[in-house]
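Colleague: My structure is below; once you've seen it, I'll send some questions.
The values are calculated or read from the model by the stated rules, or taken from the named source; none is laboratory data. Keep in mind it's a predicted model, so treat the numbers as computed, not measured. Protein only, heavy atoms only, side chains kept; ligands, DNA and RNA dropped before computing areas. Shrake-Rupley method; radii C 1.70, N 1.55, O 1.52, S 1.80 Å.
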Amino acid sequence: MRNDGNGGAVADERPIFKESRDHILCRNFGDSTLGCGMEMEGFPLTDRRITIPEYAMALAHVASLRSEDPFRKVGAVAIDHENRVIGTAYNGLAPGYQADAGFWTDRERRQKFMLHAEINLCSLFTRTQVKLVACTTKPCTSCMQALCAHGVREVYFRDDYPASEADEIAERYGLKLVRLTRYPRFSLAEPGDGDSG
């Protein structure tokens, strides 16, 4: 609270967002941060509205944070023809399955049991319902085939996956396959981290 100059008190107008270069801290209306950060490399977020692919990639990034896989966290998002989010998914074990602690130590042994983010995502929509999919990692060959079978026309990814034949599949079927590395990124920060004021 502060004095309004007329003997009354006025609540401090605290910004919801505090910007420092290209880093924005989410804030609530109280004294603590919400515990998240968002950054866009290369330009401040206030300069322009993000594109639909950037929006989808940011959501895919957040979805990837749900993966229990300690080796590779992959998120995916489906956007329909009117730019609405159809669903989000991430790589992980079958719903309801609880692995024992030793399961995660051997990457090779457990890899065949992991359900890919794109396959989990495809279970959320019907053929031709989705215009674009954004994935944090380039789809593997099988996942790219599944996306084709579901009528997806555009696929955006952040991290390359050299073993994938997605490029050849996209070229054969006329899909747009684009690497997208600039988008808003969220991080899980402890309350007060990065908050200098």
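Colleague: Hey, can you tell me all the residues within the range 161-197 that are at pLDDT 65 or above and in a loop (DSSP other than H, G, I, E, B)?
Modeller: The answer is Tyr161, Pro162, Ala163, Ser164, Glu165, Gly174, Leu175, Leu180, Thr181, Arg182, Tyr183, Pro184.
Colleague: In this structure, does Arg72 turn out to be modelled with pLDDT of 50 or more and open to solvent by 60 Å² or more (accessible area, probe 1.4 Å)?
Modeller: Taking the combined requirement at face value, the residue satisfies it.
Colleague: Just one of (1) within 15 Å of the chain's Cα centre (by Cα); (2) closer than 16 Å to Val155 by Cα; (3) open to solvent by 50 Å² or more (accessible area, probe 1.4 Å) trips up Ala56, so point out which.
Modeller: Status for Ala56: all satisfied but (3).
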